[in-house]
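Accompanying notes for the structure given below.
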Amino acid sequence: MIRFRKTLMVLLTILLVIPTFSLKPEEASAAATFIRPSEGTVTSGFGPRWGSMHYGVDIAKSGTVPVVASAPGTVIFAGQAGTYGNVVYVRHQINGVSYVTVYAHLRSISVRVNDVVSQGQRLGYMGETGNAQGQHVHFELHKGTSTWNRAYAVDPMDYFDKNIVPVEEGSFRLLTGTFSTVASQQEAAERLRQATGWTVYTVNENGLRLKTGTFTTRASVEAGQRLITQQFGWVSYIKQEYFRLLTGTFNSTAEQNAAYERLRNDTGWTVYKVNENGLRLKTGTFKTRTAVEQAQQLVTNDYGWITYIQVEEQ
Ligand SMILES: [Zn+2]
């Protein structure tokens, strides 16, 4: 079990009333989407088909039809492959997640392995090579792998033209080393704000320090830390926040016990019976603010109980 250090609740209360937002390092700021690989009609969707599994979507159109990269990436295969006929595989790295897209049954191929392609760049022309009935492109999207693996196939229709938001991994902040005077602390805060556009707080936590707003991914907080090191030469520490729900008080231990059983059985959460200014329930930790807020909503809706969000820092 991880041990947590409780921080000053007063300070956190102040921080919590200010809305936090995700800090986006420059390389991750552009909205990312997958686009359809060609014009045409979807003639067969993702899912079970003819007693087996169709791992992609088929898009058909007659004539000379370009097939284009669905997102920016690197070509990892371009050639013939059995029932796929002429096929191109492209690897993508988007907001810290790996994807591979597959473009099958091409008439001809316009790219080579290791080519870096932009979104919308032509990979070849639609055809009916391999095991195809009629001209179409068979398109697959594999999520979470950097190599071809159909076990990771997802329905491309869920991804076309939608923003790919970074997976929220947790709640991270940067805390700098100490400054010797309030004046130097405030000046540093202003410099950091102007250089980055981040939310920056001046805090007194074992010394005068700066503390940032919330980063929602480890990659983005690490990028923020590198920026501070490179541009300012300052020491900084990554702090991860964890969240718990604390209920209002129950009138008796019997009531507390009954509530404990209900909540545990219904939600599967770790729940503790505590006596903190009264008989209450306390949950295990949630990693993201979104998760704890959803949990709070559930408790409010299903049980009608009052709950408080507690923040702990590691
Ligand atoms: Zn197909």
Within region 131-154, can you find the residues that are within 16 Å of the ligand (Cβ to nearest atom) and closer than 21 Å to Ile76 by Cα?
Val137, His138, Phe139, Glu140, Leu141, His142, Trp148, Arg150, Ala153, Val154
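The rows are residues; the columns are (1) modelled with pLDDT of 90 or more; (2) not hydroxyl-bearing (Ser, Thr, Tyr).
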site	(1), (2)
Thr217	no, no
Gly224	yes, yes
Gln231	yes, yes
Val235	yes, yes
Tyr242	yes, no
Asn251	yes, yes
Glu276	yes, yes
Arg289	no, yes
Leu298	no, yes
Within region 49-125, strands (runs of 3 or more DSSP E) holding 2 or more residues that are on the phi > 0 side of the Ramachandran plot and in contact with an Asp or Glu (Cβ under 7 Å, 6 or more places away or on another chain)
none
Scanning region 122-169 residue by residue, the ones that are under 16 Å from Gly47 (Cα atoms) and modelled with pLDDT of 85 or more total 13
With surrounded by fewer than 18 Cβ atoms within 10 Å (Cβ to Cβ) and more than 21 Å from the chain's Cα centre (by Cα) as the only criterion, which of Ser146, Ser180 stands out?
Ser180
Report those strands (runs of 3 or more DSSP E) wholly inside region 127-246 carrying at least 2 residues which are among the basic types (Lys, Arg).
208-212
Just a yes or no: is a residue in region 246-262 surrounded by 12 or more Cβ atoms within 10 Å (Cβ to Cβ) and under 18 Å from Ser171 (Cβ atoms)?
yes
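The values are calculated or read from the model by the stated rules, or taken from the named source; none is laboratory data. On a predicted model such as this, the values are computed, not experimentally measured, just so you know. Heads up, the Cβs are rebuilt from the backbone with ideal geometry, glycines too, and the neighbour counts pull from every protein chain shown.
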